[in-house]
């Protein structure tokens, strides 16, 4: 893939936006050369704070900076940020509603080479359960860059989930980004694939495959897991009758869980979930083949769509 | 070195006024905890002189402008001593004293532990222990970046020093040389399950803070002259943060509560409340 990495799209955009907004401060936990907050650090060293390998402390320091009127972007590996600093995030960011932005890099399986200790496959579930939290998952590097000013200018806690690597292009450059508003990337009436993050590009390929079999799949990109665009999802359920949720995350509690909740409350419909099947993954040679090995292949999305269509209630 | 705090430049009038304030804060705290049937008397009473010195002398705050950007900041890291914070804030005029008896009611702004969004004058939400120092570092950095002269004060409990986040924050404070951060440790040596030195010893505690590159002042936390002078001295120390290690007595001022872990988080019954207030000298 020739596209730049999602983390690089984010890192470069953060440094650019730092020029526009002098209130932006950036913190990292000894991973700036990995998260690529280093671009900001190089350009604005007086507004960059390296806290060392102490993610809970980093979040609390960011809370203090936010209380003092700054807009802190906290950078770390998603697995460590979402797990080790969870109490800080729950109490001092969400409950105290401080204006802290959590940039969670290396999410999903994207840290393929470091193995399951470093994979983040439960972070969406954890973060979206927190009151006051907004959870955003960009689909590619260009989209990650576009979110930086939006996240910075939104007043409140945000969890911005970023991949280490690149993703297949989502092709959404012409569509406006707005927190809480999903994007319809492709129209279709037979089935709806609701995708987030790196699974958006894969879902577009799955739609191409399905089209060859005469199946018109609607593709919804849900970049904001919370607040969820339930209206868009329920309308798709009404119009297509079957859905697939696709995410680089556990099938429990992430996008699939959120979509299931929305459907149960708004428009009960058939749903198949594509995600990591409630297991720990393994170390892999590259992110793409690791995703393929753990149920996230294009063919897995295609198969899920076909299952969902087969499960549609028959019209009497 | 323990920095000497021996020069007597605070007037006797100020000291006796603050002593009376401390007595009022103790009585308010016990009354609130007794009325509610819940709260933490021991750690409220141990902090009374420290809170009186801060809220009635040292802190540059204005009840008419609780969000004034240049105000001094106060974080009650030992958030379970919320009763004495609420007593101090109400007596400083941040909200009516009539609110105090409603503490803990669903409609009342006064939460079990301090909530910055609900109670005027509370600079930071607290309750789960350990966060004060690290958050204080962020506030101190923000002040420095904006060239504002406010100071950030953090009142720390001894039990919470058993948790790693306190020391992560201590390292960060030293790295960034936030001399506009003052921590005060209410070192009463008693926690919920027993004596701190039995549950998980902190000693040598002065050495620990020094090893973390903090300036350390050691005082008797019930001696108002020492409390005031330490707070003043901390403002004059440059290039590093300061911690005032204040030796205190848990439940100070009520004979049957003193040094007893039982009174960490138990409300007195009617008879105990009457005895406690009699010992403290009932007042308006």
Volume in Å³ per residue [convex hull over Cα atoms, computed for the stretch B:1-87]: 141 Å³
Relative contact order [Cα under 8 Å, 6+ residues apart], the stretch A:130-205, whole percent: 41 percent
Kirkwood Rh, Cα atoms: Rg over Rh of the stretch A:6-161: 0.92
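Which ordering of B:262, A:95 is given by a fewest-first count of other beta-carbon atoms within 10 Å?
Ascending number of Cβ neighbours within 10 Å: B:262, A:95.
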Helix B:12-36 vs. chain B, principal-axis angle (Cα, 0 to 90°, nearest 10): 60 degrees
Spacing of the two label points (7 Å from each Cα toward its C-beta) at residue B:208 and residue A:216, in nm: 6.8 nm
Net lengthening on full extension, residue B:106/residue B:62 (0.36 nm per residue, minus Cα-Cα): 13.1 nm
Approximate spin-label separation residue B:98-residue B:16, in nm, with each point projected 7 Å along Cα-to-Cβ: 3.4 nm
Where labels lie 7 Å past Cα in the beta-carbon direction, separation of residue A:155 and residue A:280 in nm: 4.4 nm
Between 0 and 90°, nearest 10: helix A:55-67 axis offset from chain A longest Cα axis: 70 degrees
Per-q log10 I(q)/I(0), chain A, q = 0.10 Å⁻¹ (Debye; single scatterer per alpha-carbon; no solvent): -0.51
Largest-first ellipsoid semi-axes for the stretch A:243-316, taking √(5λ) over the Cα gyration tensor eigenvalues, angstrom: 26, 15, 7
Ellipsoid semi-axes in whole angstrom, largest first, where each is sqrt(5λ) of the Cα gyration tensor of the stretch B:165-284: 32, 18, 11
Stretchable slack from residue A:30 to residue A:16, in nm (0.36 nm times residue separation minus alpha-carbon distance): 2.9 nm
Virtual paramagnetic centre 7 Å along Cα→Cβ of residue B:147, amide N under 14 Å, in the stretch A:28-50: none
Neighbour-count ranking [beta-carbon atoms within 10 angstrom, fewest first] of A:57, A:279, A:94: A:279, A:94, A:57
Most mobile of A:54, A:264, A:207 in a GNM of chain A (Cα contacts under 10 Å): A:264
Fewest-first ranking of B:153, A:159, using other Cβ atoms within 10 Å as the exposure measure: B:153, A:159
Extent along principal axes [Cα atoms of chain B; Å; largest to smallest]: 51, 43, 38
Paramagnetic reach from residue B:8 (point 7 Å along Cα→Cβ, amide N under 14 Å) across the stretch B:216-259: B:224-226
Chain A: angle of helix A:141-153 to the longest principal axis, Cα-based, in degrees nearest 10: 60 degrees
Within the protein assembly as shown, percent of DSSP bridges classed antiparallel, to nearest 5: 10 percent
Solvent-free Debye scattering, log10 I(q)/I(0), computed from the Cα coordinates of the protein assembly as shown at q = 0.07 Å⁻¹: -0.49
FRET efficiency, 1/(1 + (r/R0)^6) with R0 30 Å, evaluated for residue A:238 and residue A:3 via beta carbons: 0.30
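Here, each number is a calculation from the coordinates, and none is a lab measurement. All of these numbers come straight from a predicted model, not from anything done at the bench. Backbone-built Cβ (ideal geometry, glycine too); neighbour counts: all protein chains shown.
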